[in-house]
Amino acid sequence: TPYSNSRKMSGIAVGANKGFIVTKRPLYKSSRKWFAGKKEIDSKSAPGRRVRVVRSVVRECVGFAPYERRIMEILKGGGSNPQKRAWRFAKNRLGTHVRAKKKVVEMEKVISAAPSAKKVKKEKKEKKTKK
């Protein structure tokens, strides 16, 4: 094996034992604690609380990109199989099918959440007028 202690480097660039002479240091488990505790699933899990808040604030301030508005328009418009047309449009803009599907799902959630957001705003206005 290339990293076993039995193999000694000769200090010469060619040959069976080629390579710079170095002192191998042992790998201590304690130096890798932060990495060893993480599972593969954790690295790809949903974003944390802080990331969610930052993204929601940015979305609230900036709004949607023109292509995102177009995707929502396609989904609202109906016609024959609007989801498929939205996928196709998103794929042209984003490059991959997986990204397109994720974006279309995100836009569908925004569309479905819009009526409930309008209700909340209406209720707040009514409370203010009552006072």
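Here is how the numbers come out for the structure above:
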read-out: 21 Å Cα-Cα threshold exceeded, pairs from LYS76/LYS127; LYS84/LYS118; LYS103/LYS125; LYS76/LYS118; LYS101/LYS121; value: LYS76/LYS127; LYS84/LYS118; LYS103/LYS125; LYS101/LYS121
read-out: THR129 - accessible surface, heavy atoms, 1.4 Å probe, Å² rounded to 10; value: 110
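The values are calculated or read from the model by the stated rules, or taken from the named source; none is laboratory data. All values derive from a computational prediction rather than experimental measurement. The accessibility values were calculated without ligands, DNA or RNA, using every heavy atom of the protein model including side chains. Shrake-Rupley method; radii C 1.70, N 1.55, O 1.52, S 1.80 Å.
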